[in-house]
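Peer 1: Got a structure here, written out as structure tokens. Questions coming.
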Amino acid sequence: MILEVKNLSTSFYTRNGIYKAVKNISFSVAKGKTLGIVGESGSGKSVSQYSYLGLIPTPPGKIENGQAMFQGIDLLKLSQKQLQKYRGSKISIIFQDPMTCLNPYLKISTQLIEPLLIHKNMSKKQALILAEKSLEEVGISDYKKRLHAYPHEFSGGMRQRVMIAMALITEPELLIADEPTTALDVTVQAQILELINELQKKKETAVVFITHDLGVISNVADDVAVMYAGEIVEQASAKNLFTNPSHPYTKALLKSIPANHQAGEKLFSISGLPPDLSKEIIGCSFTPRTSHKTPCNNKASWVEIDSNHWVMKCPQCFELGI
Amino acid sequence: MSKIMTENILVETKNLNTHFTKTTGIFFNKKTQTTKAVKDVSLKIPKGEIMGLVGESGCGKSTFGRSILKLITPTSGDIYFKGENITTLSKSEMIPYRKKMQMIFQDPYGSLNPRMSVFDIISEPLLVHNIANSSNVNSQVAKIMNLVGLAKRYVKKYPHEFSGGQRQRIAIARSLAVEPEFIVADEPVSALDVSIQSQILNLLLDLKNELELTILFISHDLSVVKYICNNVAVMYNGEIQEEQKTSDLFKNPTADYTKKLLESIPKISY
Amino acid sequence: MSLQENISEIAEEEIGTSLWKDAWIRLQNNKMALIGFFVLIVMIVLAIIAPLIAPYSYEAQNLPLGPTPPSWKNWMGTDTFGRDLFTRVLYGGRISLAVGFVATAVSLGIGIAYGTISGFIGGKLDSVMMRIVDILYSLPFILFVIMLMVLFGRNFYLMFLAIGAVEWLTMARIVRGQVLTLRKQEFIEACYSLGLSNKRIITKHLVPNILGPVIVYTTLTIPSVMLLEAFLSFLGLGIQPPMSSWGLLISSGVDTMEEFPWLLIFPGLALAITLFSLNFLGDGLRDALDPKAAKD
């Protein structure tokens with residue numbers, strides 16, 4: 001296991017209350033494997049990863065407790081300065097919007113070699129050679145010339161490729177991809193997903209892939225964690241999750257996809273709204289939105305229903321088959 | 001090439017072109033760049049149906065949608081509403097047509113005036129167009145809110161107090177206030193979560209049936225289009241690549257670009 | 001039945017928090033801004049009721065007395081003509097604050113109108129209007145004021161005109177910038193699709209949304225206008241004795257800085273405190289009115 005996170009909880013202290021964005025989650029990623037984190041907005045999927053990377057502004061955020069073991073070191077115990085040595089070299093991140101992630105005033109070359117100069121202590125000349133190679137690897141044609149271009153001269157898909165090149169140039173062991181294809185067209189998305197898969201196989205990078213798109217997850221992830229209201233409600237291999245979903249939220253999500261309906265048939269939609277994260281949630285967080293209107297007041301816990309397939313349910317809901 | 005029924009066409013464009021020109025340089029070095037966003041598009045939108053317009057970003061579908069409503073002035077070509085040519089109508093002559101043709105935008109955050117309450121937003125078109133007066137505007141607003149599934153008690157709240165899905169409902173309510181016959185929906189669910197998407201899509205289907213609306217559904221999401229649209233037109237680089245009944249398009253795409261699009265959709269298959 | 005009565009009939013309505021209300025709540029959490037706000041209110045009230053509370057008349061001279069340091073009789077001391085400084089500072093505040101607010105109001109009025117029309121209509125009209133602004137900007141201000149003085153004589157109201165005539169330029173630019181950004185927003189496009197008139201779009205949709213930065217800029221313009229007035233008076237181009245403003249008081253105080261320091265310190269303090277309050281308030285307003293932060 002490259003990364004093992006245990007009992008991570010992160011809250012935000014605002015004047016409207018304390019928002020428990022992430023509640024007691026545990027997950028792990030193995031070398032060369034992809035963990036998909038699926039959830040909708042407000043589920044805590046991004047916060048869950050930013051927490052151990054030191055990217056949560058504190059205040060108003062606060063890591064309440066937890067452990068994030070990476071190569072034998074607990075990342076949550078490190079200071080910002082210490083974490084800086086990890087970010088960009090051993091752990092890299094790709095963000096959602098390729099339009100705003102690159103500095104418009106600097107050439108691509110400058111931005112690409114930056115992590116090498118800082119983390120690997122290379123000379124500019126050596127770094128530039130590597131930068132050229134990395135652009136070639138991500139499939140940018142005419143890379144020798146384009147290395148010295150500016151971000152605005154690239155399209156959205158190309159920029160995301162540059163971002164990937166930048167993230168992988170230091171050969172990190174862990175790559176966090178936060179909705180990297182959400183802002184891209186579907187044809188470009190297909191290319192980027194293929195690229196990430198290819199590079200992962202080549203470099204054996206562990207990948208955490210955050211998205212709300214179930215179709216994308218099924219194409220990239222080996223294992224999946226489904227998040228709802230700050231908790232991981234189901235965790236399984238991608239195959240098991242899609243063929244045998246157990247948690248009502250997972251089932252509801254799969255049911256909502258238009259592709260799973262006949263044309264004209266009423267779309268299944270989840271009633272109600274996600275719970276207010278500043279209020280204490282008693283019992284199973286999703287049950288109030290299922291067809292079983294009886295509120296659940298029991299404590300939910302992990303139930304293993306298959307090899308490496310875990311569901312967060314309380315005994316009562318489990319009995320009722322909710 | 002169109003296999004769509006040609007009787008009862010509500011909206012039609014003939015050879016519609018929308019070009020944008022940019023002049024750079026000064027004095028004698030002037031360079032004119034022309035971007036042809038919409039190239040010679042002739043499309044027939046049948047009454048009472050949802051027509052999909054699919055394409056990737058930058059293909060011109062949004063520009064086309066806005067051109068039909070004359071929110072962007074087309075460069076050449078004709079637009080017909082119920083057989084009447086509205087292309088060269090002046091701003092005041094367009095007003096009765098504006099009531100019949102509305103738009104729903106993609107961004108639920110930018111499409112509502114943040115300083116106006118729900119009541120203000122929905123009542124404005126009612127009062128400006130004399131559809132309601134001060135004595136019955138309240139009940140009208142309540143009726144419309146009910147139609148789009150917004151709880152009455154939210155009537156005095158402001159956009160930033162709502163979620164994305166609810167804001168989209170407010171935007172839909174606003175466009176329904178003028179009792180339109182035709183709606184251009186420009187990526188109305190693209191910015192929403194999957195579970196909310198289904199709610200809004202259901203809403204649009206219900207409204208179409210109840211109010212006999214005709215909708216031009218612009219989207220890049222083929223699976224949504226497959227579900228909700230009767231007919232689909234595929235757009236690439238400002239031009240229509242092909243146009244078919246939805247079920248036919250997905251089974252037998254004729255254009256290469258359509259085939260490429262269909263192949264790119266991530267499928268769940270185990 | 002009126003609209004208002006109708007609305008209150010609907011039972012169980014949830015109270016909406018408009019962005020203004022939200023901003024007010026956030027402003028209240030900002031201590032420095034609140035202090036600035038209250039100090040400003042105090043200064044304004046003092047200026048308004050000056051005739052009621054001033055212990056002496058502002059022009060009553062007492063030549064034999066001459067300049068005296070602060071005492072129980074004269075809280076801020078007296079000046080070279082034996083006039084009570086406290087009284088003169090109070091009355092001076094009336095002038096300085098009046099000029100500050102009125103000139104700013106004038107520049108606001110012209111600036112908003114000009115900038116909105118220029119930004120909204122766009123195209124050639126916008127280019128022409130902005131070139132005019134550019135040209136006026138480059139005119140040397142002092143020459144302009146002197147020219148006005150020559151044409152119309154030394155007139156107190158002329159100063160309002162001169163200052164307003166300069167400040168509206170920046171206001172117009174800021175407003176135009178805001179309008180240009182707003183015009184691209186989809187809710188403005190929605191206004192067009194709803195067939196709303198240009199007048200309605202400008203007044204009901206554009207202007208309320210540009211007020212945020214405009215308000216902030218206004219609170220920061222007032223101090224600059226007051227300083228401008230002080231500068232003009234310092235040069236002898238503004239207020240004429242025996243009337244006084246903080247600027248004049250400061251300028252005469254500078255002359256006798258070493259022997260009678262209180263003549264400089266008190267009016268200087270009055271001006272500085274007011275400027276600080278306005279600046280803190282302006283800063284607080286800028287943070288409070290930021291609509292993006294309202295989403296938290």
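Peer 1: If you check A:Thr187 against the conditions, is it among the β-branched types (Val, Ile, Thr), under 20 Å from A:Asn24 (Cα atoms) and more than 15 Å from the chain's Cα centre (by Cα)?
Peer 2: Considered against the rule, which asks whether it is among the β-branched types (Val, Ile, Thr), under 20 Å from A:Asn24 (Cα atoms) and more than 15 Å from the chain's Cα centre (by Cα), A:Thr187 comes out as no.
Peer 1: Let me ask you something else. Look through segment B:176-189, keep the residues that are surrounded by fewer than 23 Cβ atoms within 10 Å (Cβ to Cβ) and more than 10 Å from every other protein chain (Cβ to nearest Cβ), and return whichever of them is nearest to B:Ile79 (Cα to Cα).
Peer 2: B:Phe182
Peer 1: Here's something else I'd like to know. Which count do you get for residues in segment B:214-240 that are more than 10 Å from chain A (Cβ to nearest Cβ) and surrounded by fewer than 21 Cβ atoms within 10 Å (Cβ to Cβ)?
Peer 2: The number of residues fulfilling the criteria is 2.
Peer 1: Among the residues that make up segment A:243-250, is at least one of them under 25 Å from A:Phe27 (Cα atoms), in contact with an Asp or Glu (Cβ under 9 Å, 6 or more places away or on another chain) and surrounded by fewer than 20 Cβ atoms within 10 Å (Cβ to Cβ)?
Peer 2: Within segment A:243-250 (the criterion being under 25 Å from A:Phe27 (Cα atoms), in contact with an Asp or Glu (Cβ under 9 Å, 6 or more places away or on another chain) and surrounded by fewer than 20 Cβ atoms within 10 Å (Cβ to Cβ)), the answer is yes, since at least one residue qualifies.
To keep it simple, each residue is scored yes or no on (1) in contact (Cβ under 8 Å) with a residue 24 or more places away in the chain; (2) closer than 30 Å to B:Lys99 by Cα.
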position: C:Val207; (1), (2): yes, yes
position: C:Glu229; (1), (2): yes, no
position: C:Leu232; (1), (2): yes, no
position: C:Gly236; (1), (2): no, no
position: C:Gln240; (1), (2): yes, no
position: C:Trp246; (1), (2): yes, no
position: C:Met257; (1), (2): no, no
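Peer 1: Same structure, new question: Would a scan of segment A:29-49 turn up a residue that is more than 23 Å from A:Thr182 (Cα to Cα), out of contact with any helix residue (DSSP H, G or I) (no Cβ under 6 Å at 6 or more places or on another chain) and among the aliphatic types (A, V, I, L, M)?
Peer 2: yes
Peer 1: A further question follows. Note down all Cβ pairs under 7 Å where the first residue falls in segment B:105-132 and is among the basic types (Lys, Arg), the second is part of a helix (DSSP H, G or I), and they're at least six residues apart or on different chains.
Peer 2: Partner pairs satisfying both residue conditions: B:Arg115/C:Leu19; B:Arg115/C:Pro208; B:Arg115/C:Asn209.
Peer 1: If you don't mind, there's one more thing I want to ask. Helices (runs of 4 or more DSSP H) wholly in segment C:27-141 with at least 3 residues that are farther than 29 Å from C:Phe260 by Cβ and of a type in the set (Ser, Thr, Tyr) - which ones?
Peer 2: C:85-121, C:123-138
Peer 1: Among the residues of segment B:65-113, which ones are surrounded by 21 or more Cβ atoms within 10 Å (Cβ to Cβ), of a type in the set (Ser, Thr, Tyr) and at the interface with chain C (Cβ under 10 Å from one of its Cβ atoms)?
Peer 2: Result: B:Ser111, single match.
Peer 1: What tally of residues in segment A:144-172 results from selecting those that are modelled with pLDDT under 85 and either over 17 Å from A:Glu194 (Cβ atoms) or outside any helix (DSSP H, G or I) (or both)?
Peer 2: 1
Peer 1: Residues of segment B:114-125 being within 7 Å of chain C (Cβ to nearest Cβ) and part of a loop (DSSP other than H, G, I, E, B), which ones?
Peer 2: B:Pro114, B:Arg115, B:Ser117
Peer 1: All but one of (1) surrounded by 12 or more Cβ atoms within 10 Å (Cβ to Cβ); (2) in a helix (DSSP H, G or I); (3) not hydrophobic (A, V, I, L, M, F, W, C) hold for A:Glu319; which doesn't?
Peer 2: The number of the failed condition is (1).
Peer 1: Another question, if that's okay. With the condition kept exactly as written, say whether any residue in segment A:258-266 is away from chain B (no Cβ under 12 Å), among the acidic types (Asp, Glu) and in a loop (DSSP other than H, G, I, E, B).
Peer 2: no
Peer 1: Name the residue that is surrounded by the most Cβ atoms within 10 Å (Cβ to Cβ), counting only residues in segment C:10-61 that are charged (D, E, K, R) and within 14 Å of another protein chain (Cβ to nearest Cβ).
Peer 2: Among those that are charged (D, E, K, R) and within 14 Å of another protein chain (Cβ to nearest Cβ), it is C:Arg26.
Peer 1: Just one of A:Val162, A:Val226, A:Val188, A:Val216 is more than 14 Å from chain B (Cβ to nearest Cβ) and of a type in the set (Val, Ile, Thr); which is it?
Peer 2: Every option except A:Val162 fails the conditions.
Peer 1: What's the total number of residues in segment C:64-79 that are surrounded by fewer than 16 Cβ atoms within 10 Å (Cβ to Cβ) and either small (Gly, Ala, Ser) or at pLDDT 80 or above (or both)?
Peer 2: Number satisfying all stated conditions: 7.
Peer 1: Continuing with the same structure: How about segment A:229-241: which of its residues are farther than 15 Å from A:Ile305 by Cβ, within 12 Å of another protein chain (Cβ to nearest Cβ) and not aliphatic (A, V, I, L, M)?
Peer 2: Hits for segment A:229-241: nothing passes.
Peer 1: Can you tell me which of (1) within 22 Å of B:Asp186 (Cβ to Cβ); (2) outside any loop (DSSP other than H, G, I, E, B); (3) of a type outside the set (A, V, I, L, M, F, W, C); (4) in contact with a Ser or Thr (Cβ under 6 Å, 6 or more places away or on another chain) is the one B:Gln106 doesn't meet?
Peer 2: It is condition (2) that B:Gln106 fails.
Peer 1: Taking A:Val207 as the residue in question, decide whether it is assigned to a strand (DSSP E or B), in contact (Cβ under 8 Å) with a residue 24 or more places away in the chain and either within 14 Å of another protein chain (Cβ to nearest Cβ) or of a type outside the set (Lys, Arg) (or both).
Peer 2: yes
Peer 1: What number of residues in segment A:242-257 are without any contact (Cβ under 8 Å) to a residue 24 or more places away in the chain and within 7 Å of chain B (Cβ to nearest Cβ)?
Peer 2: Residues flagged as without any contact (Cβ under 8 Å) to a residue 24 or more places away in the chain and within 7 Å of chain B (Cβ to nearest Cβ) within segment A:242-257 amount to 2.
Peer 1: May I pose another question? Of all residues in segment A:267-300, which are among the hydrophobic types (A, V, I, L, M, F, W, C) and either more than 8 Å from chain B (Cβ to nearest Cβ) or farther than 24 Å from B:Ile268 by Cβ (or both)?
Peer 2: A:Leu273, A:Leu277, A:Ile281, A:Ile282, A:Cys284, A:Phe286, A:Cys296, A:Ala300
Peer 1: Which numbered condition trips up B:Val137, out of (1) at the interface with another protein chain (Cβ under 9 Å from one of its Cβ atoms); (2) crowded, with 23+ Cβ neighbours inside 10 Å; (3) among the aliphatic types (A, V, I, L, M); (4) in contact with a Phe, Trp or Tyr (Cβ under 9 Å, 6 or more places away or on another chain)?
Peer 2: (2)
Peer 1: Counting just the residues of segment B:254-270 that are of a type in the set (D, E, K, R) and within 7 Å of chain A (Cβ to nearest Cβ), which one comes out surrounded by the most Cβ atoms within 10 Å (Cβ to Cβ)?
Peer 2: Result: B:Lys260.
Peer 1: Is it true that A:Ser92 is touching a residue at least 60 places away in the same chain (Cβ under 8 Å) and either of a type in the set (S, T, N, Q) or part of a helix (DSSP H, G or I) (or both)?
Peer 2: yes
Peer 1: Looking only at segment B:190-212, count how many residues are in a loop (DSSP other than H, G, I, E, B) and surrounded by fewer than 22 Cβ atoms within 10 Å (Cβ to Cβ).
Peer 2: Count: 3.
Peer 1: Now for a different question. Please go through segment C:196-206 and pick out each residue that is surrounded by fewer than 20 Cβ atoms within 10 Å (Cβ to Cβ) and either of a type in the set (D, E, K, R) or facing another protein chain (nearest Cβ under 7 Å) (or both).
Peer 2: Those that are surrounded by fewer than 20 Cβ atoms within 10 Å (Cβ to Cβ) and either of a type in the set (D, E, K, R) or facing another protein chain (nearest Cβ under 7 Å) (or both): C:Lys199, C:Arg200, C:Lys204.
The values are calculated or read from the model by the stated rules, or taken from the named source; none is laboratory data. Predicted, not measured: the structure shown is a model, and the values here were computed from it. As a convention, Cβ positions derive from the backbone with ideal geometry for all residues, glycine included, and neighbour counts pool all protein chains shown.
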